[in-house]
Amino acid sequence: MNIPFLDLSAMHDSMRPALDAAYQRVMGSSSFILGKEVELFESEFAQYCETRHAIGVANGLDALFLVLKAMDVGPGDEVIVPSNTYIATWLAVSYAGATPVPVEPDPQTFNLDVSRIEAAITPRTRAIMPVHLYGQPADMDGINALAARHGLKVLEDAAQAHGARYKGRRVGGLGDAAGFSFYPGKNLGALGDGGAITTNDDVLAAKLRVLRNYGSERKYHNELKGFNSRLDELQAAFLREKLRLLDGWNVDRRRIADEYRAALEGSGLGVPHVPSWAEPVWHLFVVRSTRRDALAAALAQRGVGTVIHYPVAPHRQPAYAEMNLGVGSLPVAEAIHDEVLSLPIWPQMTALQLNTVISACRDAATSL
């Protein structure tokens, strides 16, 4: 049996009538930019995230970047980011003109290590940007306490964590604002690009709605030097249909992750650690091996698709060569990026597929 890393067709086939109806609604309305579907999705997504506002934008990177711009973060400023994350987290800071300052993660959770953050704060620090990596919430109480003590903003990178909870509260409303991605493979994914910002700050939300639309609150009248970053009306319609199913899909992901964790414990592979206060949504199920590449090859031979999230730490990318952070400068992140491997997980994954992956992993681990 060949098992892909991700099978979106299983999801979309199961809801094709709803997606077709969403398409017909938009086509029938002839309203394609910031229309009723975006307005309704923003209201529904804000309610889902337990926040006052959601602002639809073009993608997840824009969501983070626009928040920093709205917070007046710019040249000369610093933003604390995780040393291990997808590069978009860092790029958002760079696009704002500020400098990303990497802080190492907790090696158990892979999320920002709160005990390391304070040492990285300088007079130029303006914000902390925790990432809820792989769908597991960061330790937000500790981060918020530090931010309050130093007068800093907190921007959640929630691109992988739609629906996750921290001590009972949804991610997206745990800081000053949050950025979400609706890239197709996310737990809540569009059929193209898309993103959103959530916040409880009325003033910030109003500014963001202007910034995303050429800096204009009223057509052809521009209050700010803004951007063209608007959630597409058709994608909003698709997302509305998927949002109704998201909690059920996340329940399925948790069940699959629980079976993985129980079956792979003691296999020789590192399995994810979940703190008692975290309710992850398992965008990714990531194991760890010092022989990661050999493990991936062995699984491929057994018909199991895997992906590395992510093979190169941001500070080792040519894009950030000017930071002069050589090998060994951020050892926790470097070890994580050298050892992680993502196993197949999606809500419609069958028991046969799951058990096949588990058997392949145990066989491969013993043969390494």
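The values are calculated or read from the model by the stated rules, or taken from the named source; none is laboratory data. These numbers were taken from a predicted model, which means no experiment stands behind them. We place every Cβ from the backbone using ideal geometry, glycine too, and count neighbours over all the protein chains shown. These area figures cover heavy atoms from the full protein model, side chains too; ligands, DNA and RNA do not enter into them. Shrake-Rupley method; radii C 1.70, N 1.55, O 1.52, S 1.80 Å.
Reported count of residues in the range 211-235, each being under 21 Å from Phe45 (Cα atoms) and in contact with a Gly (Cβ under 6 Å, 6 or more places away or on another chain), is 4. Residue count for the range 132-145 satisfying the condition of being in contact (Cβ under 8 Å) with a residue 40 or more places away in the chain and either open to solvent by 10 Å² or more (accessible area, probe 1.4 Å) or among the aromatic types (Phe, Trp, Tyr) (or both): 3.
Scan the range 178-229 for residues that are open to solvent by 50 Å² or more (accessible area, probe 1.4 Å) and either within 27 Å of Arg254 (Cβ to Cβ) or assigned to a loop (DSSP other than H, G, I, E, B) (or both) and the total you get is 12.
Going residue by residue through the range 64-86, is there one that turns out to be without any contact (Cβ under 8 Å) to a residue 24 or more places away in the chain and either surrounded by 21 or more Cβ atoms within 10 Å (Cβ to Cβ) or among the charged types (D, E, K, R) (or both)? The answer is yes, given that some residue of the range 64-86 is without any contact (Cβ under 8 Å) to a residue 24 or more places away in the chain and either surrounded by 21 or more Cβ atoms within 10 Å (Cβ to Cβ) or among the charged types (D, E, K, R) (or both). Contact annotation: residue pairs with Cβ atoms under 7 Å, 6 or more positions apart or on different chains, pairing a residue in the range 202-224 that is small (Gly, Ala, Ser) with a partner that is part of a helix (DSSP H, G or I), are Ser216/Val210.
Results for (1) under 22 Å from Arg116 (Cα atoms); (2) in a loop (DSSP other than H, G, I, E, B), shown as yes or no for each residue.
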residue: Leu66; (1), (2): no, no
residue: Gly74; (1), (2): no, yes
residue: Val79; (1), (2): yes, no
residue: Tyr86; (1), (2): yes, yes
residue: Trp90; (1), (2): yes, no
residue: Val93; (1), (2): yes, no
residue: Gly97; (1), (2): no, yes
residue: Pro102; (1), (2): yes, no
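All of (1) touching an Asp or Glu at 6+ places or on another chain (Cβ under 9 Å); (2) assigned to a loop (DSSP other than H, G, I, E, B) hold for Arg25 with one exception: (2). Condition check for Glu37 on (1) over 21 Å from the mean Cα position of the chain (by Cα); (2) over 25 Å from Arg170 (Cα atoms); (3) not in a loop (DSSP other than H, G, I, E, B): one failure, at (2). Of all residues in the range 268-325, exactly one satisfies the criterion of being at positive phi and crowded, with 18+ Cβ neighbours inside 10 Å, namely Trp282. Tell me, please, whether a residue that is in contact with a Leu (Cβ under 9 Å, 6 or more places away or on another chain), open to solvent by 30 Å² or more (accessible area, probe 1.4 Å) and either aliphatic (A, V, I, L, M) or over 18 Å from Pro137 (Cβ atoms) (or both) can be found in the range 235-243. There is no residue in the range 235-243 that is in contact with a Leu (Cβ under 9 Å, 6 or more places away or on another chain), open to solvent by 30 Å² or more (accessible area, probe 1.4 Å) and either aliphatic (A, V, I, L, M) or over 18 Å from Pro137 (Cβ atoms) (or both). Condition test on Thr125, is it under 25 Å from Gln317 (Cβ atoms) and hydroxyl-bearing (Ser, Thr, Tyr)? So Thr125 fits the description; yes.
Conditions tested, residue by residue: (1) of a type in the set (Asp, Glu); (2) under 24 Å from Arg170 (Cβ atoms).
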{"site": "Gly195", "(1), (2)": "no, yes"}
{"site": "Ala206", "(1), (2)": "no, yes"}
{"site": "Val210", "(1), (2)": "no, no"}
{"site": "Ser216", "(1), (2)": "no, no"}
{"site": "Asn250", "(1), (2)": "no, yes"}
{"site": "Glu259", "(1), (2)": "yes, no"}
{"site": "Glu265", "(1), (2)": "yes, no"}
{"site": "Pro272", "(1), (2)": "no, yes"}
{"site": "Trp277", "(1), (2)": "no, yes"}
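Under 7 Å by Cβ, and 6 or more places apart or on different chains, what pairs join a residue from the range 250-268 that is part of a loop (DSSP other than H, G, I, E, B) with one that is crowded, with 17+ Cβ neighbours inside 10 Å? Close Cβ pairs satisfying both conditions: Glu265/Val271; Ser267/Cys361; Ser267/Ala365; Gly268/Ala365.
Within the range 81-89, does at least one residue satisfy the condition of being touching a Leu at 6+ places or on another chain (Cβ under 7 Å), under 24 Å from Ile308 (Cα atoms) and not polar (S, T, N, Q)? Looking for residues that are touching a Leu at 6+ places or on another chain (Cβ under 7 Å), under 24 Å from Ile308 (Cα atoms) and not polar (S, T, N, Q), one finds at least one in the range 81-89, hence yes. Applying the criterion of being part of a loop (DSSP other than H, G, I, E, B) and without any contact (Cβ under 8 Å) to a residue 60 or more places away in the chain to the residues of the range 326-362, the residue that is surrounded by the fewest Cβ atoms within 10 Å (Cβ to Cβ) is Gly328. Consider the range 274-293 and keep the residues that are of a type in the set (Val, Ile, Thr) and not in a strand (DSSP E or B). The one that is farthest from Val340 (Cα to Cα) is Val281. Against the condition touching a strand residue (DSSP E or B) at 6+ places or on another chain (Cβ under 8 Å), of a type outside the set (Gly, Ala, Ser) and either under 24 Å from Arg212 (Cβ atoms) or surrounded by 21 or more Cβ atoms within 10 Å (Cβ to Cβ) (or both), how does Glu39 come out, does it pass? Against the criterion (touching a strand residue (DSSP E or B) at 6+ places or on another chain (Cβ under 8 Å), of a type outside the set (Gly, Ala, Ser) and either under 24 Å from Arg212 (Cβ atoms) or surrounded by 21 or more Cβ atoms within 10 Å (Cβ to Cβ) (or both)), Glu39 does not qualify. Pro184 meets each of the listed conditions (1) farther than 25 Å from Ile121 by Cβ; (2) without any contact (Cβ under 8 Å) to a residue 40 or more places away in the chain apart from (2). For Ser94, the requirement of being touching a helix residue (DSSP H, G or I) at 6+ places or on another chain (Cβ under 9 Å), free of Cβ contacts under 8 Å to residues at least 24 places away in the same chain, more than 27 Å from Trp346 (Cβ to Cβ) and open to solvent by less than 50 Å² (accessible area, probe 1.4 Å) is met.
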